[in-house]
Amino acid sequence: MEEKVTTLTLRKFKKEGRKIVALTAYDFPTAKILDNCGIDMILVGDSLGMVVLGYQSTIPVTMEDMIHHTKAVSRAVNRAFVVADMPFMSYHISKEQTMANAARLIAEGGAHAVKLEGGEEIASIVKTIVDAGIPVVGHLGLTPQSVHQLGGYKVQGKEKEKAKKIFNDAKVLEQAGICALVLESIPMELAKNIAENISVPTIGIGAGPYCDGQILVTHDMLGITQGHRPKFVKQYADIEKIMIEGINAYIKEVQQGLFPDEEHSFTLEKRENK
Ligand code: KIV
């Protein structure tokens, strides 16, 4: 069996220039497929709210949602590094509540690390979690839990001052002890500058090719997500099309009485005539 990916492996990959490959998962079968394919990092993202639970944003996602889905993913994974998102307001109310929530994602959920959105303003709580022995992944740039403050899902850090703030936040989070940093929807020049100037691996999503690794939302890249797809998403498969074809074939066969046939039915045991 291949060695498990740990915080040390991620650092080693950065040092060696070996790109870290990450995707999201929210359930057992998807996590199993990703792990078997050799994905290095699996994020149980709060994107769960939008791609699986049907919310308009990640804001309604609760701790209970995250623990439920993190448990399912952890049960499936043998090799990958599993990261669970701390949901909206689960790390802002008090230090005690933050610590209890981070601990639940590790102890009950089975995650190897937690991910928090934000920079300097959350650095002290990041340090407290890290000091308690829980690895933390940072998240800068477009931070979806702040969508109302940001005024929409827009590229961040295009202006010099804003880019400077994101760069400074990355340095502050590095000092606070993060083990990796997600950079979402920022100019590639800024992502390159951060990747070259911090010791922890950067994982980009809409941040260009210079990060130490890449992550996408699995439902987006496999063509399961319906509706708007951001510019940075490359679609590698059309699962929606495959599902529609299969479901339509089933509807037709049931309506025509072709399914179930003998092959998919049971018969009474045949009695021997004595
Ligand atoms: O929730 C999520 O899936 C994320 C990724 C977009 C990085 O945070």
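The values are calculated or read from the model by the stated rules, or taken from the named source; none is laboratory data. What you are looking at is a predicted structure, and each value in this text was computed from that prediction instead of being measured. Positions of Cβ are backbone-derived with ideal geometry, glycine not excepted, and every protein chain shown enters the neighbour counts.
Taking the stated definitions as given, is A207 within 30 Å of T9 (Cα to Cα) and touching a Pro at 6+ places or on another chain (Cβ under 6 Å)? Answer is no for this residue. Just one of the numbered conditions (1) farther than 24 Å from S146 by Cβ; (2) within 16 Å of the ligand (Cβ to nearest atom); (3) surrounded by fewer than 24 Cβ atoms within 10 Å (Cβ to Cβ) is not true of T58: (1).
Before we move on, is G138 part of a loop (DSSP other than H, G, I, E, B) and modelled with pLDDT of 95 or more? The answer is no for G138. Within the range 161-177, one or more residues are at pLDDT 95 or above, small (G, A, S) and within 16 Å of the ligand (Cβ to nearest atom).
For the range 178-187, filtered to residues that are in a loop (DSSP other than H, G, I, E, B) and within 13 Å of the ligand (Cβ to nearest atom), the residue that is farthest from the chain's Cα centre (by Cα) is I186.
If you filter the range 121-163 down to residues that are of a type in the set (S, T, Y) and in contact with a Leu (Cβ under 8 Å, 6 or more places away or on another chain), you find that the one that is nearest to A180 (Cα to Cα) is T143.
Considering every residue within the range 26-40, establish whether at least one is in contact with a strand residue (DSSP E or B) (Cβ under 8 Å, 6 or more places away or on another chain), within 13 Å of the ligand (Cβ to nearest atom), in contact (Cβ under 8 Å) with a residue 40 or more places away in the chain and closer than 28 Å to H148 by Cβ. Within the range 26-40, one or more residues are in contact with a strand residue (DSSP E or B) (Cβ under 8 Å, 6 or more places away or on another chain), within 13 Å of the ligand (Cβ to nearest atom), in contact (Cβ under 8 Å) with a residue 40 or more places away in the chain and closer than 28 Å to H148 by Cβ. Does I215 fit the bill of being crowded, with 24+ Cβ neighbours inside 10 Å and under 30 Å from K241 (Cα atoms)? Against the criterion (crowded, with 24+ Cβ neighbours inside 10 Å and under 30 Å from K241 (Cα atoms)), I215 qualifies. Screening S74 against (1) part of a loop (DSSP other than H, G, I, E, B); (2) closer than 19 Å to I134 by Cα; (3) not hydrophobic (A, V, I, L, M, F, W, C) leaves a single unmet condition, (1). Just name the residue that is surrounded by the most Cβ atoms within 10 Å (Cβ to Cβ) out of those in the range 115-160 that are more than 16 Å from the ligand (Cβ to nearest atom) and among the charged types (D, E, K, R). Selected residue: K127.
In this entry, L105 is excluded by the filter for residues that are surrounded by fewer than 23 Cβ atoms within 10 Å (Cβ to Cβ) and on the phi < 0 side of the Ramachandran plot. Where helices (runs of 4 or more DSSP H) sit wholly within the range 188-274, those with at least 1 residues that are without any contact (Cβ under 8 Å) to a residue 24 or more places away in the chain and of a type outside the set (F, W, Y) occupy 188-197, 239-255. So for the range 221-241 (the condition being under 18 Å from the mean Cα position of the chain (by Cα), under 18 Å from S47 (Cα atoms) and of a type in the set (F, W, Y)), does at least one residue qualify? Yes, the conditions are met somewhere in the range 221-241.
Each residue in the range 61-99 was checked for being of a type outside the set (V, I, T) and within 16 Å of the ligand (Cβ to nearest atom), and 16 pass.
Conditions (1) outside any helix (DSSP H, G or I); (2) buried (at least 21 other Cβ atoms within 10 Å of the Cβ); (3) not small (G, A, S), marked per residue:
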{"position": "K12", "(1), (2), (3)": "no, no, yes"}
{"position": "L23", "(1), (2), (3)": "yes, yes, yes"}
{"position": "L34", "(1), (2), (3)": "no, yes, yes"}
{"position": "I42", "(1), (2), (3)": "yes, yes, yes"}
